[in-house]
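A short reminder: the numbers here are calculations on the coordinates, not readings from a lab. Not measured: the values here are computed from a predicted model. Here the Cβ positions follow ideal geometry from the backbone for every residue, glycine too, while neighbour counts run over all protein chains shown.
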């Protein structure tokens, strides 16, 4: 069985093709959204999803979120006494999604199509594949999130269409221009920002509250718990401002209360710098695709942050039309990934569609310019330009710069800067050349880039017919095969909290958070509820526990509405 997974910064989802439609798979709590949060419980067991998110505020030192932003880097997060890379944390999340799917489908799941932001670099894409491997999944394909959204919207059923996908999630922003013609869906251009999403709007609100006179005297916990409380309250306020003209940012601590009223206009003013950051990738994608906004047939909104009225107003003003919003923006990518999974499995109920992709970054080499009197070193010579349709092969000719030169070092980079020092170094080739006067020996440098993100660099010296080839499949920050094997063994030994108990543990974590947030009689009420539920758990009567859980959830829902 092959499934589709939306591995998100804030939330993740898993879906499967049911024969007629893409079906979202619920987790152990009956929810289709699983928070992308990983942590440790009081016994040192790993916890994932809602229960980990509840403990993010109360136990921030042993809980991790937003780790998708570090994919493809060597950044590590310490949970307890063990450091985890972003791939490992993502693998734990993927493993829980895999278990949810297996429980729902009643059969083993070994393969998956996983979505990635269109603007993910090669290193980030490879890290995502590694995460899947660590989770026990064969990653059949990585599908760009905008392409997945287009499949979910059924645009592949049209004969011809040119459309733009505006994808603003919790942590990343993508904009892609796609064209459908004669059964081929081609990505014309992609642009984006891997560090821009709903979490950044939350940070703005939290910082605004913290800097306000109304927050004077607010304590700053050294363990980061206050920062998590502010971020959680900021998220609540942001969501509330999507439905009403104003909302109150409230924090309670030690029988004190701090409150600040924030209006939609306040949020629009605060968010102006972020809105400006959204404009630049849109303009760049349209420019690279050589298309005008007026020529688009459709604009699709994807990602939960596109629910914000000010974001929708920005999109409508930029394109002069109301964007398509028929599908749930949180779920559309997972649905598209499931459709792609079914296409890979050649499901009989689906008509084949050919998907093409682009290389999201420019690939090139370092060169030197000038003469003996003045030389400019460290210049970037693009060979494969960004947004070239893959697979692609391009060649550039360069020449020796010194008399009697006997070798040339070809250094390979990825990026958009004029200077290589601002780009990402990928690898190098050293090639012998015959000693001749400067400029007499030419080198043909050919780059070939395939759909799996593999770059082959070949240097040919026509004068001697000498050839050197380098295949770049590892990037800085990506685990080697040996490291993957070691991490796989290490993760397999970790104890993961049983998934079928999450319905209980998430309630206990929720009450712990509410206890910390509450005061006086309310705090005592929460303590009494927790004690009663703990007593039911100790009796181990499944039916009594189930009934107590339903009643307790109703009481907590009513309590949170009053807070």
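A few points about this structure:
- Available extension along the chain between residue 345 and residue 259 is 25.5 nm, counting 0.36 nm per residue and deducting the alpha carbon span.
- Residues residue 484 and residue 442, FRET efficiency given R0 of 45 Å [Cβ-Cβ distance, rounded to 0.05]: 0.65
- Calculated on alpha-carbon atoms, Rg and Dmax of the chain in Å: 26.2, 89
- Packing-based exposure ordering (other Cβ within 10 Å, fewest first) of 487, 531: 531, 487
- Residues in the stretch 395-411 reached by a label modelled at residue 372 [backbone nitrogen below 15 Å; 7 Å Cα→Cβ]: 401-405
- On Cα atoms only, tilt of 309-319 relative to the major axis of the chain in degrees: 30
- The spread of Cα positions in the stretch 247-317, taken along each principal axis and listed from longest to shortest, comes to 60, 20, 19 Å.
- Burial ranking of peptide ranges 401-408, 362-369 (average Cβ count within 10 Å, highest at the top): 362-369, 401-408
- Potential lengthening of the chain between residue 277 and residue 20 amounts to 88.6 nm, from the contour at 0.36 nm per residue minus the alpha-carbon distance.
- Amide N proximity, the stretch 279-303 versus residue 389 label position 7 Å along Cα-to-Cβ, cut-off under 14 Å: 289-290
- Distance from the alpha carbon centroid of the stretch 1-22 to that of the stretch 127-189 works out to 13 angstrom.
- Take every Cα pair under 8 Å whose residues are at least 6 apart in sequence, average their separation, divide by the length of the chain, and the relative contact order is 15 percent.
- Kirkwood Rh and Cα Rg combined as Rg over Rh, evaluated for the stretch 499-562: 0.96
- Rg ratio for the stretch 43-114: its Cα radius of gyration over 2.2 N^0.38 Å, N being its residue count, equals 1.21.
- Distance (nanometres) between label positions extended 7 Å along Cα→Cβ at residue 416 and residue 269: 3.2
- Taking the square roots of five times each eigenvalue of the Cα gyration tensor of the stretch 147-255, the equivalent ellipsoid has semi-axes of 42, 14, 10 Å, listed largest first.
- Simple spin-label estimate for residue 538 and residue 519 in nanometres, 7 Å along Cα-Cβ: 3.2
- Rg/Rg_globular for the stretch 279-404, with Rg_globular taken as 2.2 N^0.38 Å and Rg from C-alpha atoms: 1.59
- Binning all Cα-Cα separations of the stretch 402-483 at 10 Å, short to long from zero, yields these whole-percent fractions: 15, 40, 32, 11, 1.
- Highest-first arrangement of 202-210, 34-42, where packing means the average Cβ count within 10 Å: 34-42, 202-210
- Annotation: for a label point projected 7 angstrom from Cα along Cα→Cβ of residue 325, residues of the stretch 181-198 with backbone N closer than 19 Å are 197-198.
- Nearest 10 degrees, 0 to 90: helix 198-211 Cα axis against the chain principal axis: 60
- Rounded to 10°, Cα long-axis angle of helix 520-539 versus longest principal axis of the chain: 80
- Among 264-274, 383-393, sorting by the average number of other beta carbon atoms lying within 10 angstrom of each residue, highest first, gives 383-393, 264-274.
- Dimensions of the stretch 1-138 based on its C-alpha atoms, expressed as ranges along the principal axes with the largest first, amount to 45, 35, 21 Å.
- The mean sequence separation of alpha-carbon pairs under 8 Å and at least six residues apart, normalised by the residue count of the stretch 361-464, gives a relative contact order of 28 percent.
- Full extension of the chain between residue 557 and residue 430 yields a length gain of 39.1 nm, computed as 0.36 nm times the residue separation minus the alpha carbon distance.
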